[in-house]
Amino acid sequence: MRETGRILGVDPGDQRIGLAISDPTGTIAGPLGIIHHVARALDAAQIAQIAREQGAVKIVVGQALDEDGYPTPQGRKAVRLAEAIRGQTDLPVELWDESGSTRLARESRIAMGVKRSRRGGHMDEIAATIILQSYLDAQAEP
């Protein structure tokens, strides 16, 4: 069943954290921006603040899983970030499989015709958008 209200998507990274936000109907995800990683507690507080500012009703954090469905080392960091966010907000915080989101973000930039010289750099907010859209699509399935 589809969520009603905006949902904040989070793509945690070692240097940057990508953010995406859904439309008010919880149907379409769009890029919101990035924040630079400082420390888990500070990152969590900033994410919770952005969720409040955006009027989010839920936060979805991307978690990398291996081929057997277990969290990778990066996925375990996502779990710790999600726990820290829960300590900063009363909003529900859900983990969602982000496997392949960076690859899909790169492929989407190619499909959009972005020149090779401009394809590098930050894909964090695109990856966050892909993670969030995947979550939204799964919620819409009967």
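What to note about this one:
- The single condition among (1) under 14 Å from the mean Cα position of the chain (by Cα); (2) at pLDDT 95 or above; (3) surrounded by fewer than 18 Cβ atoms within 10 Å (Cβ to Cβ) that R80 does not satisfy is (1).
- Cβ-Cβ under 8 Å pairs, at least 6 apart or on other chains, segment 4-17 side hydrophobic (A, V, I, L, M, F, W, C), far side in a loop (DSSP other than H, G, I, E, B): I7/G26; I17/H37
- Of all residues in segment 13-49, those satisfying the criterion of being within 13 Å of the chain's Cα centre (by Cα) and of a type in the set (V, I, T) are I17, I21, I34, I35, I47.
- Residue list for segment 34-74, restricted to those being surrounded by fewer than 15 Cβ atoms within 10 Å (Cβ to Cβ), small (G, A, S) and modelled with pLDDT under 95: G69
- Among the residues making up segment 79-103, those that are touching a Ser or Thr at 6+ places or on another chain (Cβ under 9 Å) and farther than 14 Å from L8 by Cβ are D97, E98, S99, S101.
The values are calculated or read from the model by the stated rules, or taken from the named source; none is laboratory data. In this text the structure is predicted, and so the values were computed from the model without any measurement. All Cβ positions, even for glycine, are placed from backbone atoms using ideal geometry, and neighbour counts span all protein chains on display.
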